[in-house]
Amino acid sequence: MKNNLLFFKVIPRQAIWGGNRVRKYFGYDVPDTTGQVWAFSAQADGETICQNGSFKGFGLKKLWEDYPELFESKNKSFPYIISLVAPVDNLSVQVHPTDTVAKKLGYENGKNEAWVLLKTESKTSLIYGSKIPISDLLKGIKSQDFNNIFNSQDTKQGDFFYIPAGTIHGLGKGNIAYEIQQSTDLTFRVYDYERREKDGRARKLDIPDAIESIKNSNPQNNTTLNFVHPKARDLINNKNVSVREYINNESFVITNITVKGRFELSKQGYWLTTVSEGSGKLNGAKIQFSDNFIVPATTDKVILEGNFTLMITSEKRTIVEGS
């Protein structure tokens with residue numbers, strides 16, 4: 001299995017803001033109430049399963065625990081949830097827990113998040129941060145006076161958004177996103193457009209925990225746009241391949257590789273990989289749009305052939321130009 005790709009089947013996640021866009025755009029066989037799919041997850045309520053090779057039928061959690069050579073990670077548990085999100089309505093305005101808040105609630109760590117927008121419509125936007133000072137923001141949230149306090153950011157295809165824990169955010173309808181989260185599956189809902197559950201109840205808000213996470217975050221995360229568009233860094237750019245690194249920190253490394261023709265790369269560590277456009281081959285294995293697979297750490301070189309784009313999440317590692 002040294003050079004084999006490990007393909008995984010997505011898990012549909014139902015949502016009040018879901019619909020048929022995940023199925024129509026990505027081609028997955030999922031219900032028309034799907035808001036997102038988990039491409040890679042080791043969560044107890046949604047573990048993705050390997051679909052091929054000698055590990056067929058193995059869950060990601062088992063692979064992580066029993067075959068550490070595939071990952072060469074310092075983390076005790078699988079550190080991410082990788083999702084593909086395609087809402088037909090706005091997601092709630094929310095924050096994720098900081099380390100301080102998460103540990104109080106029994107979790108190992110908080111949750112940083114990021115989005116790469118794969119597709120947008122003519123007029124799409126999202127919520128990121130606040131229009132007003134933190135003290136006023138917290139007063140508004142506490143009193144549930146949400147009028148004109150959140151910052152709205154117009155979006156376009158290819159945008160990257162880094163969302164540190166404790167940051168106000170909410171993906172808007174019409175955006176299709178490649179979403180990276182640390183594995184603490186915990187979200188605090190601040191505002192939900194006054195939507196109601198199927199039984200008529202108002203949707204639950206998590207005001208105290210949200211306020212505590214905002215208080216424990218860097219104030220700049222909610223008062224400036226410093227984190228909205230971190231500048232991507234070109235690692236390689238020639239006629240056959242471009243490799244762009246969106247972010248490289250202790251939480252995650254996010255990279256985009258676009259191939260036109262044939263190219264060879266040396267790599268370190270494992271790649272959680274989604275084909276976001278096109279088709280071709282990787283180390284001789286056929287890959288196509290919407291495939292999700294792991295290139296294990298035991299593979300130190302990749303031969304890329306075709307016309308496609310890969311979205312890759314990994315831990316700290318390097319990519320070295322080949323030929």
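The values are calculated or read from the model by the stated rules, or taken from the named source; none is laboratory data. These figures come from a predicted structure and were not determined experimentally. So basically every Cβ, Gly included, is an ideal-geometry build from the backbone, and we count neighbours across all protein chains shown. Side chains included, ligands, DNA and RNA excluded: accessible areas come from the protein's heavy atoms. Shrake-Rupley method; radii C 1.70, N 1.55, O 1.52, S 1.80 Å.
How high is the relative contact order of the chain, in percent, with contacts defined as C-alpha pairs under 8 Å that are six or more residues apart?
18
Under 5 Å between amide hydrogens, which residues at least 5 positions from residue 131 or on another chain qualify, with H placed 1.01 Å from N in the peptide plane?
Here 150, 151 satisfy the definition.
Most mobile of 200, 172, 306 per a Gaussian network model of the chain (Cα springs, under 10 Å)?
The residue that fluctuates most here is 200.
Can you pull out the GluC sites (Glu not before Pro) in the range 53-115 whose DSSP state is coil and whose Cβ has at most 14 other Cβ atoms within 10 Å?
Qualifying residues, ordered by number: 72, 108.
How large is the helix-only mean residue ellipticity at 222 nm for the chain, computed as the sum of -39500 (n - 2.57) over DSSP H runs with n ≥ 4, divided by its residue count, in deg cm²/dmol to the nearest 500?
-3000 deg cm²/dmol
Pick from 246, 28, 178 the residue whose mean-square fluctuation is largest in a GNM of the chain, springs joining Cα atoms under 10 Å.
Sorting by GNM fluctuation, first place goes to 28.
Which whole-angstrom value gives the distance between the alpha carbon centres of the range 187-247 and the range 78-120?
The range 187-247 and the range 78-120 have Cα centres spaced 7 Å from each other.
Give the carbon-plus-sulfur fraction of the accessible surface of the range 1-133 in %, rounded to a whole number; probe 1.4 Å, heavy atoms of protein chains only.
46
Which distance in Å, rounded to a whole number, links the C-alpha centroids of the range 1-58 and the range 275-323?
Centre-to-centre distance over Cα atoms comes out at 18 Å.
Could you please state how large a percent of the accessible area of the range 144-250 is carbon and sulfur, counting protein chains only and using a 1.4 Å probe?
Exposed carbon and sulfur together represent 42 percent of the surface.
With only Lys, Arg, Asp and Glu charged, each at its Cβ (+1 for the first two, -1 for the last two), find how big the charge dipole of the chain is about the Cα centre; round to the nearest 20 debye.
It comes to approximately 380 debye.
Thinking of the chain as a set of Cα atoms, what percent of all their pairs are more than 38 Å apart?
13
Report the GluC sites (Glu not before Pro) located in the range 225-323 that are in a DSSP loop and have at most 16 other Cβ atoms inside 10 Å of their Cβ, or state none.
Here the sparse-neighbourhood loop sites are 250.
Quick one: what Rg and Dmax do you get for the range 56-171 from the alpha carbons, in Å?
When restricted to Cα atoms, the range 56-171 yields Rg and Dmax of 17.8, 53 Å.
Hey, what angle do you get for helix 134-143 against the long axis of the chain, alpha-carbon based, 0 to 90 degrees rounded to 10?
The helix 134-143 is inclined about 70 degrees to the chain.
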